[in-house]
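Q: Encoded as structure tokens, here's the structure I'll be asking about.
The values are calculated or read from the model by the stated rules, or taken from the named source; none is laboratory data. What you are looking at is a predicted structure, and each value in this text was computed from that prediction instead of being measured. When we count neighbours, we look across all protein chains shown, and the Cβ atoms used for this are built from the backbone with ideal geometry, even at glycine. Heads up: the accessible areas ignore ligands, DNA and RNA and are worked out on the full protein's heavy atoms, side chains in. Shrake-Rupley method; radii C 1.70, N 1.55, O 1.52, S 1.80 Å.
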Amino acid sequence: MKLIHILIITVLVLCPGISMADTSPAAEQQQVVSFQETSAAAFSNSSSQSNILIRSLVEPHTSPSPSSPPLKGGEINSPFPLPEIITPPLPPLILRGGEAEPGGVIFKEGVPKAGVLSSLEGEGVLPMNSSVNIQNEEAVIILAQSTRNDEEEITESALSENNDVFEEYEEEAARIADPIAPFNKVMFHFNDKLYFWLLKPVASVYSYIIPEDFRFIFGNAYDNLKAPGRMLNNLFQPRPKATGNELIRFVFNSVIGVGGLGDPAKHVLNIKKQDADLGQTLGHYGIGHGFYLVLPLFGPSSLRDGIGLAGDRFMYPLTYVSSSDLTFSQTAGIYTLEKVNDTSFKIGDYESFKESAIDPYVSMRDAFLQHRKKDVEESKK
Amino acid sequence: MRKNMTKIIFILLLLLPASAFAGAPLDTVKGHADKVLDILRDPALKADSANNLRKEKIRAIAAKMFDFSELSKRTLARNWNKLSSEQQSEFVMLYESLLEDAYANKIMSFTDEKIVFNKEIPLTDKTTEVQSVVMRRNDEIPIYYRVILKDGTWRVYDVVIEGVSLINNYRTQFREILANKSPESLLETLRKKTGKS
């Protein structure tokens, strides 16, 4: 008695499809239809009749409903060697005894105990041309000609279910309008050529001459100048802790790190940089991209992020210094050094990106979009 | 009482999801990624003459690490059914070749960096996200592997680098091609790209 209990529970636990209620006496009245898992794997092959019939067994009385569980690849090859179990009452398609139609599917009904299920394996589907005599009183359902009328409809439903899964995948992807694609493509090619013809050769020579440690120091200094912008945007979003961290970082790195040449805030205080920009802040408040925009030098952007980029300039100390105290060429020199220094760490990235893309323009647009989506989502945490 | 306890423990053991026996997703992905890095770092394989050998070795690991048919289906999504079954299997093959190069390329730039696998987050009952971070001197790059449990093993079906999902990115590209062109011309493009025309 106890052993049987354990056995039943064991089987139940191993069959996620069965609810506990099935063991109740009431459930014994219900018809349980099972089919071998491998036959389910053939679902995708809608040309095979028997598969369609199985499908019709799964949802025989409900006309193909979009709400039925979608078929996923993963479910087919599930580690459970047990079949799916469907509990609702079956349509009045039950014949007792008789001969199965070739290509028909035979299912046992009235199998309330899950333990019996495993013994059913292999009995789910009959080969197309076999005809089987069934003398067994244990009732057998034969789905024959009558269900074949639904065939086409069912095939369609199988397809649309697949599509439902696919829709799910597609929904994850963000999209952006690209009404000025011709302009963007020109800019994309401009940036591409700028990189290969100018930026890359210059940065290569630069990184050859300037030791890496110095390049890191320059990078730190430029990055430190952006701390006020990060701090303000963190404040706008509002992320108080990140705001405080950026404030501490800016003061600490400027003083102890001598104008931000080092990053002692990270190494001594263990406070990491918390990126934030105006485009992200705008996104945080629900403002969409508008449309895609490729900017010369800056690369992929959007109307929103372009405005953000312009706004961020007002939070950049150099903007105020250069407008009053520096000549145009000095300002240009500072920005050029920043770009070259930055590129010197990234040589090869763009090449490998381009190599792995089928359509680099589309790939970059999508990567920009996904990346910014992540930035905005992170600002909400 | 003691008998009951044994029973309860027995039942609790059975309640453990199958994934517990399949090996943790994180360990699986980490094991594969470490092997790829070992190959990329191997000084004997660094020379240009060893290029083919290196690729062959990475290919062998990638075949175990990734679930290319799942990847293909999820990438093409709605368009998957537009391909005939022959086209589908050719697509899987070409896409596999493309991705092996792309992944090797991407991870190649991280060979000198430390890669830390820090956590796994279950997405559904059969999918998990394994999160890793590439520690660079001046920044950190998050790389997330999305894995699916099939036949008792965890296989990668998506790689998300800095929020950019590989399959989403390719899906957008393929969608644009299939919007105006036939599946055959998509395959032709892929053949050219992977040098298998």
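Q: Among the trypsin sites (Lys or Arg not before Pro) within region B:97-197, which fall in a DSSP loop and have no more than 14 other Cβ atoms within 10 Å of their own Cβ?
A: Within region B:97-197, the qualifying trypsin sites (Lys or Arg not before Pro) (loop, at most 14 other Cβ atoms within 10 Å) are B:ARG136, B:ARG137, B:LYS181, B:LYS196.
Q: Work through the residues other than A:TYR208 whose Cβ is under 14 Å from its Cβ and net out their charges, Lys, Arg +1 and Asp, Glu -1.
A: Net charge in that neighbourhood comes out at +1.
Q: Turning to a different aspect of this structure: According to the square roots a ≥ b ≥ c of the eigenvalues of the Cα gyration tensor, what is the shape class of chain B, taking rounded for a/c under 1.5, prolate for a/b larger than b/c otherwise, and oblate for the remainder?
A: Here chain B falls in the oblate category.
Q: So for B:MET65, A:MET315, what's the accessible-area order with a 1.4 Å probe, most first?
A: A:MET315, B:MET65
Q: To continue, here is another question. Could you work out, residue by residue across A:362-370, how many beta carbons of other chains sit within 10 Å of that residue's beta carbon, and then give the average as an integer?
A: 6
Q: Still on this structure, please answer the following. Estimate for me the total accessible surface buried between chains A and B (protein heavy atoms, probe 1.4 Å, no ligands or nucleic acids), in Å² to the nearest 100.
A: In total, this chain pair buries about 4100 Å².
Q: Which residue, B:LEU149, B:LEU187, B:HIS32, has the largest displacement toward the positive end of the dipole of chain B when charges sit on each Cβ (Lys, Arg +1; Asp, Glu -1)?
A: Going by the Cα projections, it comes out as B:LEU149.
Q: How large is the accessible surface per residue of region B:21-194, computed with a 1.4 Å probe and reported in Å² as a whole number?
A: 44
Q: What does the net charge come to around A:ASP312 if you take all other residues with beta carbon closer than 11 Å to its beta carbon, with K and R at +1 and D and E at -1?
A: +1
Q: Over 23 Å between Cα atoms, which of B:LYS82/B:LYS181; A:LYS193/A:LYS339; A:LYS226/A:LYS266; A:LYS380/B:LYS106; A:LYS273/B:LYS30 qualify?
A: Distance filter (> 23 Å) returns A:LYS380/B:LYS106; A:LYS273/B:LYS30.
Q: For region A:262-323, report the translational diffusion coefficient in µm²/s to the nearest whole number, using Stokes-Einstein at 37 °C, 0.692 mPa s, and a Kirkwood Rh over Cα pairs.
A: Values: Rh = 13.5 Å.
D = 242 µm²/s.
Q: So how much accessible area does A:THR336 have, in Å² to the nearest 10, using a 1.4 Å probe?
A: Result for A:THR336: roughly 80 Å² accessible.
Q: Under 5 Å between amide H atoms, partner at least 5 residues away or on a different chain: which partners does A:LEU293 have, H built in plane at 1.01 Å?
A: A:SER301, A:SER302, A:LEU303
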